[in-house]
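Have a look at the structure below, then the notes.
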Amino acid sequence: MSRLELKCVWLSVFVCSGMAVAGCQKGADESLGTSESAAGIPVGDIRGTELVNKSLQRRLFDPQAPTTQSFAIEKLAGRDVEQLRAFLGQWVTAGTQSKFQGGEPNPFGLVLWHQAIAAFARGMGGVCDTPGTLDVTFPGVSTADASPPVATTAKLHRNVAPKIAKVCTFQGDDAAKKEAARALFHAVVDDELPDEDAAFADFFAGPEYAQAPGKKRVEAMFVAMLLHPHFLLTR
């Protein structure tokens, strides 16, 4: 699978909206595009910053660390992106009414999400520079009283850190590399996506990334995983 083909698999859903989202899902019911998930966000819409942050906090970070609950991916690409966070999908309250806005997939929102996710991925890739560490540093975070923006940190869950470490080193034969890639995919995206995790493992265990520096490989993996429709969209 080429890089272009993988990107098409990952990103094709973003050209869809409304009823078209259902058409992008094999075997989906025609009414799926107008239904709502348990969180009140229409199926096929971007989950928004609140749910994405909760997923990352729960799946990747130490629940006991004080930085975990305050982690916010929308801050990682700098103040300009943070000020446009309404386009990333957020609940807006007007009087007694609450409405989810900015969730419909569109090119502008996807560009903003890519900026935030790329910044997140750079922080995760930095873990490869300090083997054995649980600490992640995200540079360039926007804060109200900091100019220029300062770095912030998070602490990895002790079960996740070894999975990232294995992808940093990518030791062993082709099968071992694929297993390391699948394990990380399951930790970040989902546990029940055999077709997707196989494509992910085949791609990153291929010649382009198997021989790449570990930091570059981890960055690319996190961009692909967080832009994956099963992670970023409601379903």
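Where Lys and Arg each count +1 and Asp and Glu each count -1, what net charge lies around residue 185 among other residues with Cβ under 9 Å from its Cβ?
-2
State to the nearest 20 debye the size of the charge dipole of the range 191-235 about its Cα centre, where the only charges are +1 on K and R beta carbons and -1 on D and E beta carbons. Display every interim value, and only then the final one.
Working: 4 positive and 8 negative charges, 66 e Å.
That gives the range 191-235 a dipole magnitude of about 320 debye.
Pairs 155/177; 166/216; 54/166; 54/178: which are spaced more than 19 Å apart, C-alpha to C-alpha?
Those over the limit are 155/177; 54/166; 54/178.
Readers should treat all values here as calculations from the given coordinates under stated rules, not as data from a laboratory. Only a predicted model underlies this, so the values are computations on that prediction, with no experimental measurement involved. Counting neighbours? That spans all protein chains shown, and the Cβs are built from the backbone with ideal geometry, glycine included.
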